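Bear in mind that the values in this text are calculations on the coordinates, not laboratory data. None of the values given here were measured: they were computed from a predicted structure.
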Amino acid sequence: MANKPINVSVELDEKIRSSDHLIKVFIRKCKKEGIVKEYRDKLIFETKGQKKRRKKAEGEARSRSKNSKKRRAKTKR
């Protein structure tokens, strides 16, 4: 995600009629894409060890999430 260019655009239409709502939708899309989180992460220097631990924890979290989804699908049958 770091090297991938991200374009977020919001336009006024029938659903979005006010500028306040337009800003809220834009912020929501930015959060969904992870733009703000990525920017904050890049502000602070991260050593190789810290990066390794973070990536390992993210992988374990993804694995737990996938496993829990599989378990929920099995129990629904």
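Points to keep in mind about this one:
- Aspartates and glutamates whose Cα lies under 19 Å from that of residue 66, excluding same-chain neighbours fewer than 8 positions away: 58
- Cross-link table 31/56; 29/55; 15/42; 24/52, entries beyond 29 Å C-alpha to C-alpha: 15/42; 24/52
- Shape category assigned to the stretch 1-44 from the gyration tensor of Cα positions, a/c cut at 1.5: prolate
- Residues considered: 29, 55, 37. Largest GNM mean-square fluctuation over the chain, using C-alpha springs under 10 Å, is found at 55.
- Principal-axis analysis of the Cα atoms of the chain puts helix 19-33 at an angle of about 20° to the longest axis.
- Per-residue extension of 0.36 nm, minus the Cα-Cα distance of residue 22 and residue 73, leaves a gain of 14.7 nm for this segment.
- For residue 51, the aspartates and glutamates whose Cα falls under 19 Å of its own Cα, not counting residues fewer than eight places away in the same chain, are 38, 41, 60.
- Scaled to the globular estimate 2.2 N^0.38 Å, the Cα spread of the chain, given as radius of gyration, is 1.59.
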